[in-house]
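Engineer: Please find one structure pasted underneath; my questions will follow.
The values are calculated or read from the model by the stated rules, or taken from the named source; none is laboratory data. The shown structure was predicted, so the numbers you read here are calculated from the model rather than taken from an experiment. Cβ placement follows ideal geometry from the backbone for every residue including glycine, while neighbour counts extend to all protein chains displayed.
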Amino acid sequence: MNCAERLVEIFGSQADVARAFQLDRAVVHNWVKTGYVPARWAGEVERVTQGRISALDVIHEASAKNPVRVKSRPEHAPFGLYESEPMSQYAPAKRIQSFHPPQRTLMGPGPTEIHPRVLTTMSQPAIGYLDPIFVEMMEELKSLLRYVYQTKNALTFPLSGPGSVGMEYCFVNMVAPGDKVLVCQNGVFGGRMLENAIRVGGTPVVVEDKWGEPVDPQKLEDALKKNKDAKVVAFVHGETSTGCQSDAKLLTQIAHKHGALVIVDAVTTLGGTPVKVDEWDIDAIYSASQKCLSCTPGLSPVSFSDRVVEHVKKRKDKIRSWFMDMNLLFNYWNAGTRTYHHTAPTNSLFALHEALLLMREEGLENAWARAMRHHLALKAGLEAMGIKFLVKEHYQLPQMNAVLCPQGVDEAQVRRTLLNEFGIEIGAGLGPLAGKVWRIGLMGYSCRPDNVMLCLSALGSVLSDMGLAVHVGDAEAAAHGAYAQMHVKDAQRKKRAA
Ligand SMILES: Cc1ncc(COP(=O)(O)O)c(C=O)c1O
C-alpha cells in the first residue's frame, strides 16, 4: 500500500484526509490517483498521523515515483552543448547542480518553517501582476492583512521587500528633512530605526533603555516634554534581539498626547502576540512575512492611518525615494487605479495570501494562544535544565525566547551541533549579547509541540555531552508537565463555560 492509500485507510476516506490536512479534496484525490504524496508534505504527514507514516517513507516513495531530474553532463563539457562556445569562459568553474535544501527545524528568530499549503501555493504557475485574477487576489490579501492587523485602514498592503523595506518606507514618507524624531532604542532594531531617521535627514532624539528591558513610558513622556516640536515617535513593539515586548498601546497614547505620530515595528509581534492597530490608534506600522506569518521572506505588510496619508500628501518637498513614494505606490495597490508601478513578486504574494488564510482559519486569538502555550512548555523545559531568560517574565515575548547561555559553554559549538546533528536552527545573540544568549523562536508554523520537545531533547543531550550537569529527560518531563497543567486548566475553563 502506498502512503496516499495508507492515509485514506487511517482517516477513513479521502474527504477525511483532506479535512485532517486542511486541504481541498481534489489535492488528496490527486495523491491517490498518482500513487504518492509529494515530498514537501513529508513532515506534515508524519505529524498529522502521529508517526504512523514516517516522513522518510513519504520522501522515499515520492523520489522513486517522481525523481528530481538533474541533467548530468560529461565533466569536460559541463556547461552547455558546445564545448568551444566562447561564452563558457565566464561560466562557473565548478560543476553546479540543482539546489535542494535539507529539511530543517527552524527555531531561530526567523525565517520560520513554511506550511506545505503555502509552499504548494507558491509553486503555482506565474501570472501577470495586472491579470484580473491576480488583482482579485490582491483585494483579498489586503482584507486578510486588515484582519491580522485588526484595522480598517484603507492603506494596508504588503510592500515588495523584507521588513527593513517596511521600516525605511515609514521613515522616507513620514519624516521630512529637519523633522524631529524621537527614537526609542532598547535593542538592535531600535538602532536601525535611528539610522533611518538620520538618513532621511530627520533630527533624531534617542530615548534609550537597557537591552532586555522594555521601552520606559516615563522616559518617552519626559523626552516629549523636552522636545515639544517632535513630529514622530518610533519604537519596536517586540525587540527580536532581546525577546522583550514594550507596551505599544501606552507608548502610542503618550506620543499622541504630545501631538506626535507613531511608527511601530511589529516585525516579530504580528501574528504571535496581540497587535491591535485601530484599538491602539497606531499611525504607521510594518512587519515582515517570514516571522509569525510563516511565509517566504521578502514581503513587508504595512498599514497606515488616514492621518498619515494626509500628512504625506501635505508634504511640500518631494519624497526622497522614487520606489518608496507612498503617493506613487498607492496607484498600484489601490483598487480604483491599479497602474504599473513595479513588477510585483507575484508568487510570493500568492504565498502570503495562503499564509494569511491559514491564520484566518486558525483564528488570530488561537494563534496568539498557541504561541503562549508552547512558550510556557519550552520555558518549563529550559528552566528545568537551569537555563535562565534574559527578560523579566512580564515582558517576555512568547515567540522569541532569549535565554542566557550557561557559563563556560561554547555557545557557537552548541548551535553548530544542534544544526549538524539534529537539523535544528536556533539564533545567536546580536551586538552586546553576541556569545551570551541563544534566541529560540516559536513563530508561525514552527510553533508546534513536536518542535518544542525536539529542541529540549536535543539541547539537553548536547549540553550533557559537553559536560554540563544536565540530566537528560528532565526538560522533556517539565515541558510535558506544563502541557498537562494547561490542558487541565483548559478543560476546567470549557466546563465552566458550558
Ligand atoms: C524587530 C525587527 N525589525 C526589523 C527587522 C528587519 O526585517 P528583515 O530582516 O525582514 O529586513 C527584523 C528582522 O529580524 C526585526 O526582527
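Engineer: Residues that are within 21 Å of the chain's Cα centre (by Cα) and over 25 Å from Leu299 (Cα atoms): which strands (runs of 3 or more DSSP E) entirely in segment 353-470 hold 1 or more of them?
Structural biologist: 400-404, 437-441
Engineer: If you scan segment 174-210, which residues turn out to be more than 16 Å from the ligand (Cβ to nearest atom), without any contact (Cβ under 8 Å) to a residue 40 or more places away in the chain and within 16 Å of Ala260 (Cα to Cα)?
Structural biologist: Result: Gly178, Gly202, Thr203, Pro204, Val205, Val206, Val207.
Engineer: With the checklist (1) in contact with a His (Cβ under 9 Å, 6 or more places away or on another chain); (2) on the phi > 0 side of the Ramachandran plot in hand, flag the one item Leu224 doesn't pass.
Structural biologist: (2)
Engineer: For segment 272-281, give me the residue count where each residue is within 15 Å of the ligand (Cβ to nearest atom) and either out of contact with any Pro (no Cβ under 8 Å at 6 or more places or on another chain) or aromatic (Phe, Trp, Tyr) (or both).
Structural biologist: 1
Engineer: For segment 220-229, state whether one or more residues are away from the ligand (no atom under 15 Å from the Cβ), part of a helix (DSSP H, G or I) and closer than 19 Å to Phe189 by Cα.
Structural biologist: Checking segment 220-229: at least one residue is away from the ligand (no atom under 15 Å from the Cβ), part of a helix (DSSP H, G or I) and closer than 19 Å to Phe189 by Cα.
Engineer: Right, something else. Among strands (runs of 3 or more DSSP E) lying entirely in segment 253-317, which contain 3 or more residues that are touching a Gly at 6+ places or on another chain (Cβ under 8 Å)?
Structural biologist: 299-304
Engineer: Now for a separate question. Taking into account only those residues within segment 147-164 that are surrounded by fewer than 20 Cβ atoms within 10 Å (Cβ to Cβ) and more than 16 Å from the ligand (Cβ to nearest atom), which is modelled with the lowest pLDDT?
Structural biologist: Checked segment 147-164; the qualifying residue modelled with the lowest pLDDT is Ala154.
Engineer: Among the residues of segment 251-271, count how many are closer than 10 Å to Tyr286 by Cα and more than 10 Å from the ligand (Cβ to nearest atom).
Structural biologist: Number of matching residues: 3.
Engineer: Check Ser294 against each of (1) under 16 Å from Asn196 (Cβ atoms); (2) touching a Leu at 6+ places or on another chain (Cβ under 9 Å); (3) polar (S, T, N, Q) and name the one condition it does not meet.
Structural biologist: All conditions are met except number (1).
Engineer: Here are Ser305, Ser287: which of them is within 25 Å of Val205 (Cα to Cα), modelled with pLDDT of 95 or more and surrounded by fewer than 24 Cβ atoms within 10 Å (Cβ to Cβ)?
Structural biologist: Only one candidate qualifies: Ser305.
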